[in-house]
Amino acid sequence: MPTIPIPANERDRIEALRDLAILDTPPEPGFDDIAELAAHVCGAPIAFVGFIDETRDWLKASCGLPPGMNEVPRELSVCSVTLCAADLVHIPDIEQEPRYEGFFGVKNGPNIRLYCGMPLITSRGHALGTLCIVDFVPRSLQPEQLESVRRLARQLVSRIELRRKVSDLGDALTQLDRERTRTRSLLLNILPKPVAEELDRDGQVQPRFFPSATVLFTDFKDFTTLVERTEPATLVGLLDQYFSAFDEIIAAHRMERLKTIGDAYMAVAGVPEENRTHAIDACLAALKLKAYLTRTKAQRERVRLPFLEARIGIHTGSVIAGVVGKQKFAYDIWGDSVNVAARTEAAGESMRVNISESTAERVASLFVLEPRGSIDIKGKGPLKMCFLDRLRPEFSADPDGTVPNEAFRAEIQRLSPAHGPVT
C-alpha cells in the first residue's frame, strides 16, 4: 500500500472541511456542471470533484464514472498526493511514475494513464479536495487546457465559499428569527397581544383614549401584619399562588392584568380592545376572584396555613392607555376612573365586591346588587356604591351565583355577538 503525504495543517484543514458541511450532501447542479465542463475542456472521459477527509476521497460530483461510485479510501487515492501540492499536478502517463504504483486505478482496475489534478485551496489556505481529470491513454494536455482546469478549480473554491456564506446567512437568519420569536414571546408576556403586535410592527405604541372601560382593584386585608410575621420566601410564594390564580381568572374573562403594587392587584376590561360587555366581564371575574379567595381560605385553614382575604373594587369610566418605558415596557392606564376605582376598593369590605354607580347601571339586570348609598371618597366627595353579591338566580347555574347559565350566555351574545365563550 502506498504511503500518502499528510498536509502540514491537517487538523485545521479537516476542521474547515467539517465546518463547510459539504460531505455526504446530495448532488448540486453547479458542481456537476464544472465536472462535465472539465472533462469536455480536456477531451477526457472522466472528471470529478472530490473532498478528502481523514479516511476517504468523497466525490461530490463526477462525469463518466459509473453510478454508485462516490468514494475511494484516502490511502488509495491519487488525489491524496495532489492535496498536498501548491499548484496543478499534470502527469501525462501515471504508469511511468513509480511513486503512484499501488494507488487505485493505476496498473489495476481501469488502468488510468493521464492524470490532471488541481487542489481546491480556500482563501484561508485549507486544501479541501481536488478537481481531477483522467484518461485511459497517455497524453499531455495543452497549456490552455491546464489553465482552464485552474480556472475551473478557482470557480469551485468560490462556489464552496459562497455556499458556506449562504449557509451562514441562513443560520444567521434562523437565529434572527428565533430571537424575534423570543422577543415577541417576551412582549406577549408583558403586553396585551394587540399592543405587543403594534410595538413589534411600528416600534412604538400610540396612546389611546377609551371612552368606556372597567377598572378592577384588589387589596389584601391586614397584609402589613402578615409581612411582619412571615419569612420572605413564604410570603412571596403565597403572593405568587394568589396572583397566579387571579391572572387565570382575569384572562378567562377578557380582561388585562396591568400590574401589582405590593399586595394590590389591578386589571382592566374593555382595553386594549373595546367591547360592550366590559363591565359585565369585570363583575363576573370579581365573583370568581371572591369564590377563589373563599375556597382557598377554607383549604388553608384546615391545615393551619396562612391565607389571604381581600377587598375588591370596580369602577367604569373613561381611561387613557399606552406604553411607557424604553428598556422595560409597561402597559398602563391613566385617568380619573383609575383613581375612583382605587377609592371604590378602599371603601369596600373584606371578601366583598364593591362597585361604583356607573358600573352598577351597566350590570344591574344580570347581578344581585346591595345598595350602600353615598360614601365619601377622598378627593371626590360622596359617591353612590353597591355591593355586588352574585348573579341573579335566573342567570346562575350554581347556588352561589358565580357560574353563568345558558340564559346568561344568550344575553351576552345578544349584547355582543363577537363575545367569546363565557365561563
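No lab work stands behind these numbers, since they all come straight from the coordinates. Here the structure is a predicted model, which means the values were calculated and not measured. In this analysis, Cβ positions are derived from the backbone assuming ideal geometry, glycine residues included, and neighbour counts consider all displayed protein chains.
The table for this structure:
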| quantity | calculated |
| --- | --- |
| Volume in Å³ per residue [convex hull over Cα atoms, computed for the chain] | 254 Å³ |
| Separation in nanometres of the label points that stand 7 Å from Cα toward Cβ, at residue 155 and residue 230 | 7.6 nm |
| Distance histogram in 10 Å bins (all Cα pairs of the range 207-415, percent per bin) | 8, 34, 36, 18, 3, 0 |
| Ranked packing of 276-288, 23-35, most packed first, by mean Cβ within 10 Å | 276-288, 23-35 |
| The range 87-170: radius of gyration over Cα atoms, expressed as a fraction of 2.2 N^0.38 Å | 1.29 |
| Cα gyration tensor shape for the range 211-326, rounded if a/c is under 1.5, else prolate or oblate | prolate |
| Distant alpha-carbon pairs in the range 131-234 (separation over 19 angstrom), percent | 76 percent |
| Within the range 207-415, percent of DSSP bridges classed antiparallel, to nearest 5 | 95 percent |
| Spatial separation of Cα centroids for the range 56-122 and the range 298-361, in angstrom | 81 Å |
| Nearest-20 debye value, the range 10-168 charge dipole, Cβ charges on Lys, Arg, Asp, Glu | 220 debye |
| Between 0 and 90°, nearest 10: helix 278-302 axis offset from the chain longest Cα axis | 90 degrees |
| 29 Å Cα-Cα reach of residue 60 towards lysines, excluding residues that sit fewer than 8 places from it in its own chain | 107, 165 |
| Most positive-pole-ward Cα, 47, 31, 20, against dipole of the range 8-51 from beta carbon charges | 47 |
| Förster radius 22 Å - calculated FRET efficiency between residue 179 and residue 327 (Cβ-Cβ, nearest 0.05) | 0.80 |
| Cα-centred dipole magnitude for the range 123-222, charges only on beta-carbon of K, R (+1) and D, E (-1), debye, nearest 20 | 420 debye |
| The chain - mean residue ellipticity at 222 nm from DSSP helices (-39,500 (n - 2.57) per run, n ≥ 4, rounded to 500) | -13000 deg cm²/dmol |
| Charge-dipole axis of the chain as Lys and Arg at +1 and Asp and Glu at -1 on Cβ define it, positive-most pick from 371, 224, 239 | 371 |
| Efficiency of FRET from Cβ geometry, residue 140 and residue 25, R₀ 30 Å, rounded to 0.05 | 0.30 |
| Under the Debye formula (equal points on every Cα, no solvent term), log10 I(q)/I(0) of the range 137-182 at q = 0.28, 0.29, 0.30, 0.33 Å⁻¹ | -0.91, -0.93, -0.95, -1.01 |
| Rounded, prolate or oblate (a/c below 1.5 giving rounded, otherwise prolate when a/b exceeds b/c) for the range 367-418 by Cα gyration tensor | oblate |
| Using distinct alpha-carbon pairs, which all enter the 1/r mean, Kirkwood radius of the range 10-168 in Å | 15.5 Å |
| Stretchable slack from residue 365 to residue 37, in nm (0.36 nm times residue separation minus alpha-carbon distance) | 109.5 nm |
| Rounded tilt (10° steps) of 10-20 against the dominant C-alpha axis of the chain | 50 degrees |
| Two-site FRET efficiency, residue 387 against residue 188, from Cβ-Cβ distance with R₀ of 41 Å, rounded to 0.05 | 0.70 |
| Angle in degrees between helix 193-202 and the longest Cα principal axis of the chain, rounded to the nearest 10 | 50 degrees |
| Shape of the range 295-423, Cα gyration tensor, a/c cut at 1.5 | rounded |
